[in-house]
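For reference, the structure discussed in these notes is given below.
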Amino acid sequence: MLSKRWIQGVVIFSSVLLSACGGGGGDGGDTVDTIAPVITLLGANPLDLSMGDTYDDPGATAADNVDGDITTNIAVAGDTVDTATVGTYMVTYDVSDGAGNAALQVTRTVNVSVPVTDNVPPEITLLGANPLNLLVGGSYADPGATALDNVDGDITGNIVVAGTTVNTAVEGTYLVTYDVSDAAGNAALQVTRTVSVSVNDVAPPEITLLGENPLNLMVGATYTDPGATALDNVDGDITSNIVVAGDTVNTAVEGTYLVTYNVSDAAENAAPQFTRTVNVDGTLPVITLLGAAPLDLSVGDTYTDPGATASDDIDGDITSSIVVAGATVDTATVGNYVVTYDVSDSAGNSAVQLTRTVNVVNDPPVINDLTVLPDPALINSAATFSWDVSDVNNDTLTCQLDIENDGTDDYTINDCANNTSQQHTFTVAGDYTVKLTVDDGVNSPVVETLNFTVIAPLSTDVSVNGPAVAGERVLYTITVGNTTLLPIDGVAVSFVVPAELSFYFTTDAEPNAAGCSGTCDPVEEASWSLGTLAAGESRTITVNALVGAATLNGVTITLPVTFSATGISNVQINKAVYVNTASADLALSASTDPVVPNETFTYQLDFGNTSAGSLTTVELRAFLPSGVTVSSI
């Protein structure tokens, strides 16, 4: 062996030398083979087997540029495939040509796996028309079918065609069946083709539009005809024969375009024409808000979107297409929320967006009522002010009550939605305005005023027909009345007789005063119990008073009259009367002015009673000045 290889090496080397030295028109000698042969695998790679399958090597071929087919020289090695054991096996294929050039090794992967139970049937798909319509005398060629299985793959070649034998010479309906089963024995659902053989074709084909009709496009959009299909009972699918005509759609110009579709079958039966309306629309739809905008809500209210409507010149009412977006209204939080409304028509024209502002506010409190009882109010008696205030947000309210509306809050009432009254006692009658201020701590305070009158419950009056004259009578009139709308009980009048007076009563006047017997002397108490005065009722007491004879001129006599009633503070009126006693009015005059010494002149004295009484024991006294003597009187 070693000797043989050495000899070959020499030969080859000699050949190379001869080749290198060749030339000069002589023989070029042998060419060295340096190209490796090529191995080509047969069968699947990888090759998938189930446990228990029989492994047969699909083999390979080998070709060399010099030696030709050297398949028989292929050496198969690598793993021994054991189909009883799950695993992946690598089988190698090698070969060399006569020049010793080794082919690139090729490997086949053999996967042995646990067998999977195949219970899925294959599926048959018919080719061609079904039903298939033929004329009597026509030729029938089965369009065939395909069959695919999830394990076996394409098993179309296994399909069994059976059923009725189609005889185009005899009019009728023929049913051709297609069946197939996979290697696991799963049978496909049988498929049937109906073949109709008829004498004459009088039925027109039918056109079916694809896409929308009407078709709405925006101005400037691209128009692509969605097309149509046409089927005939004999000719089958004749879609390719459809003739499209009518208007040429120009999307640069707004308008309505009518595109027509026509087709006839081989028997010249014309299908009813179909028309597609193409609207090139440049008009925007219009949104109209429903309900208030802006919409004001109080904190805690329930928000329900009033909605909107949308209309389009082509699509009509597209309200249902409106998209409501924007802010989510949270009525638990004060704020301004903007809700948006958008819509587009089928041509793609978008309406001008509309917005609704929803204002969630904390409402100010409300003064529902403000009253005073009694009305009119009474002095020296408690008047009750009552109010009804509310707050929809359930804020805690604070009230300030300014009794005289003078800018000074007389009372502060906390939680005045529940504490709803305040008492106040007036000591002075008159017209008043009370101001109630309510504050919720959030909004500006709310103010309400109430005008009312405070009156004395008893009207009282004392009059006297003075001036008084010493020793003479003077007339007093005492009046008391009920100014309220309700009866007043326990009405009484009393006074202490002044030292200067004595009181007398006549039988036709008021009853004698308690404590007096016809006459009330000085410092005695005179009183009258008048009982109950009805609403608006008044009573008058008339009394005669005698002025003491010793009462001096100019003295003021005061009569303090006290009025009282049940539940009412006493009222006192001090009535004064002046005493004007009898007096003289004097006037003195001289006959000469100025006087001259040693001459006689006359003094004249004039006097008279200027009072209402009589003057007695009138006495005149004169004191002459020095140097003057009386000549006669």
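Values computed for the structure shown
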quantity	calculated
Filter result for Ile413 (among the β-branched types (Val, Ile, Thr) and more than 30 Å from Ala292 (Cα to Cα))	yes
In segment 123-153, the residues that are at pLDDT below 90 and in a strand (DSSP E or B)	Leu132, Asn133, Leu134, Leu135
Any hit, segment 521-537, residues being assigned to a loop (DSSP other than H, G, I, E, B), of a type in the set (S, T, N, Q) and touching a residue at least 40 places away in the same chain (Cβ under 8 Å)	no
Residue selected from segment 355-403 under the condition in a loop (DSSP other than H, G, I, E, B) and out of contact with any Asp or Glu (no Cβ under 8 Å at 6 or more places or on another chain), by the criterion nearest to Thr309 (Cα to Cα)	Asn394
Among residues of segment 393-412, those that are closer than 15 Å to Asp440 by Cβ and surrounded by 15 or more Cβ atoms within 10 Å (Cβ to Cβ), counted	6
Of the criteria (1) of a type in the set (D, E, K, R); (2) within 56 Å of the chain's Cα centre (by Cα); (3) outside any loop (DSSP other than H, G, I, E, B), which one Arg193 fails	(2)
Count - residues of segment 253-296 that are in a strand (DSSP E or B), out of contact with any Ser or Thr (no Cβ under 8 Å at 6 or more places or on another chain) and over 30 Å from Ala230 (Cα atoms)	2
Selection from segment 21-43 of residues that are surrounded by 12 or more Cβ atoms within 10 Å (Cβ to Cβ), at negative phi and modelled with pLDDT under 95	Gly22, Asp30, Asp33
Residue in segment 209-258 that is surrounded by the most Cβ atoms within 10 Å (Cβ to Cβ), counting only those that are among the small types (Gly, Ala, Ser), without any contact (Cβ under 8 Å) to a residue 40 or more places away in the chain and on the phi < 0 side of the Ramachandran plot	Ala245
The one condition in (1) within 30 Å of Val358 (Cα to Cα); (2) in a loop (DSSP other than H, G, I, E, B) that Val249 fails to fulfil	(1)
Residue check for Ser3: assigned to a helix (DSSP H, G or I), surrounded by 12 or more Cβ atoms within 10 Å (Cβ to Cβ) and modelled with pLDDT under 90	no
Residue list for segment 532-555, restricted to those being modelled with pLDDT of 85 or more and either under 60 Å from the mean Cα position of the chain (by Cα) or surrounded by fewer than 12 Cβ atoms within 10 Å (Cβ to Cβ) (or both)	Ala534, Ala535, Gly536
Within segment 29-59, considering residues that are assigned to a strand (DSSP E or B) and not β-branched (Val, Ile, Thr), the one farthest from the chain's Cα centre (by Cα)	Leu41
Residue that is farther than 26 Å from Asn45 by Cα, in the same structural domain as Asp69 (by TED's automatic domain parsing) and surrounded by 14 or more Cβ atoms within 10 Å (Cβ to Cβ), where the choices are Ala99, Ala129	Ala99
Residue among Val116, Val120 that alone is assigned to a loop (DSSP other than H, G, I, E, B), modelled with pLDDT under 90 and either surrounded by fewer than 15 Cβ atoms within 10 Å (Cβ to Cβ) or of a type in the set (S, T, N, Q) (or both)	Val116
Yes/no for Asp431 being within 60 Å of the chain's Cα centre (by Cα), closer than 22 Å to Pro364 by Cα and acidic (Asp, Glu)	no
Residue in segment 314-331 that is touching a residue at least 60 places away in the same chain (Cβ under 8 Å) and surrounded by fewer than 16 Cβ atoms within 10 Å (Cβ to Cβ) present	no
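The values are calculated or read from the model by the stated rules, or taken from the named source; none is laboratory data. Keep in mind that what you see is a predicted model, and the values were worked out from it rather than measured. So basically every Cβ, Gly included, is an ideal-geometry build from the backbone, and we count neighbours across all protein chains shown.
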